[in-house]
Amino acid sequence: MSYVKPAQLVGHMLDAGAAKMQMSARDTLIRAFMGAALLTIGAAFAVTIATQTGQPLLGAVLFPVGFVILYLFGYDLLTGVFTLGPLTVLARRPGATVPAMLRNWGLVFLGNLCGAILVAVLMAAVFTYGFSAEPNEVGRALGEIGHSRTVGYADHGLAGMLTLFIRGMLCNWLVSTGVVLAMASNTVGGKVIAMWLPIMLFFYMGFEHSIVNMFLFPSGLLMGGEFTLWDYLIWNEIPTVVGNLVGGLLFVGLPLYLTHGGSSVRQPAEESRSVMV
């Protein structure tokens, strides 16, 4: 069967969330590190395409390639565990407790941060010929992205902070939709298509993804962007993380759990799925 119906899908989501909480620290860190590294290479690719062709839509169309690869490898992103973890605790799956969920979130955040920063440093070396020259066209574009999406929000005060938070919510609404939809297919082609569409939408519309930003803003700083680390943390990363948490849980996880949970909540799905999100 190539299509998993929503009621069974919720069972797979809960199985995946429970499995992640029971995973060793080593495996969690490795999967998070590699997940962010592959995602952010895809982001660097998309920015390169958009800058060199002058076609942002083309960059958005191609951006999901990194997300698809990391999902098929079973790696993890903070945005996904934000959605799965609370549902698993709510369903009272064995071993799914609030401390276990927070431990998982912390380890995934750390692994994602390290993977994204590594790619930021490596790509900065590429864009500056090993830091021996001024940034190339793509490097300058990264610096501008960092400026416009930190200082640009700060210029609008509380309204800018609200906009940033909403963009974070909308982002993980789409990202978590892609991840969960991929679980609704048992074929590689079905998973790829299900992931590609919502991921393309969030990137083109400029929504805020906390893991992508862990690459974009350190890259921007290395490229001489006119903003500070403090600007990045206060006027992007922290509100984005909160928005991602609220968006994924409120608009993806909870609606599916509440309306399709049923017997899937009371007992594990027949077949456990390993899921990256």
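Please give the helix 210-222 orientation as an angle from the longest Cα principal axis of the chain, in degrees from 0 to 90, rounded to the nearest 10. Orientation of helix 210-222: about 20 degrees from the principal axis. Remark: region 100-113, residue by residue, has Karplus-estimated 3J(HN,Hα) of 5, 5, 5, 4, 4, 4, x, 5, 5, 4, 4, x, 4, 4 Hz, where x stands for each Gly or Pro and the curve is 6.51 cos²θ - 1.76 cosθ + 1.60 at θ = phi - 60°.
Placing a label point 7 Å from the Cα of Phe73 along the Cα-to-Cβ line, the residues of region 13-49 whose backbone N sits under 14 Å from it are 28-43.
Fully extending the segment from Ile166 to Glu137, taken as 0.36 nm per residue of separation minus the present Cα-Cα distance, adds 7.4 nm.
Spin-label model, Ile234 to Leu197: label points 7 Å out along the Cα-to-beta-carbon direction sit 4.2 nm apart. Among residues other than Glu237 with Cβ under 11 Å from its Cβ, the summed charge is -1 (Lys and Arg +1, Asp and Glu -1). In this structure, the amide hydrogen of Ser185, modeled 1.01 Å from its nitrogen in the peptide plane, lies closer than 5 angstrom to those of Val4, counting only residues at least 5 positions away or on a different chain. Binning all Cα-Cα separations of region 81-122 at 5 Å, short to long from zero, yields these whole-percent fractions: 5, 24, 23, 16, 12, 9, 7, 4, 1. Short-range pairs are left out: with C-alpha atoms under 8 Å and at least six residues apart, the relative contact order of region 6-266 is 30 percent. Multiplying the residue separation of Gln22 and Ala159 by 0.36 nm and removing their Cα-Cα distance gives an extension gain of 45.3 nm. Measuring r between the beta carbons of Thr53 and Ser2 and using R0 = 51 Å, the FRET efficiency lands at 0.90.
By the count of other C-beta atoms within 10 Å, a proxy for reagent exposure, Arg140, Arg31 are ordered fewest to most as Arg140, Arg31.
Dipole check for region 6-266: with +1 at the C-beta of Lys and Arg, -1 at the C-beta of Asp and Glu, and the Cα centre as origin, the magnitude is about 940 Debye. Charges were assigned to the Cβ only: +1 to each Lys and Arg, -1 to each Asp and Glu. The resulting dipole of region 49-152 about its Cα centre is roughly 500 debye.
Against the set [x] 19.1, 67; [y] 18.1, 54; [z] 18.4, 61, the structure's computed Rg and Dmax of the Cα atoms in Å falls on [z].
Please check: in the Gaussian network model of the chain (C-alpha springs, under 10 Å), which one of Asn244, Asn172, Asn213 has the largest mean-square fluctuation. Greatest mean-square fluctuation among the candidates belongs to Asn213. Count Lys and Arg as plus one, Asp and Glu as minus one, and take only other residues whose Cβ is under 13 Å from that of Gly152; the net charge is then -3. Ranking of Met205, Met21 by neighbouring Cβ atoms within 10 Å, starting from the fewest: Met205, Met21.
Just so you know, all these numbers are worked out from the coordinates, no wet-lab data involved. Source: prediction; values computed, not measured. As a convention, Cβ positions derive from the backbone with ideal geometry for all residues, glycine included, and neighbour counts pool all protein chains shown.
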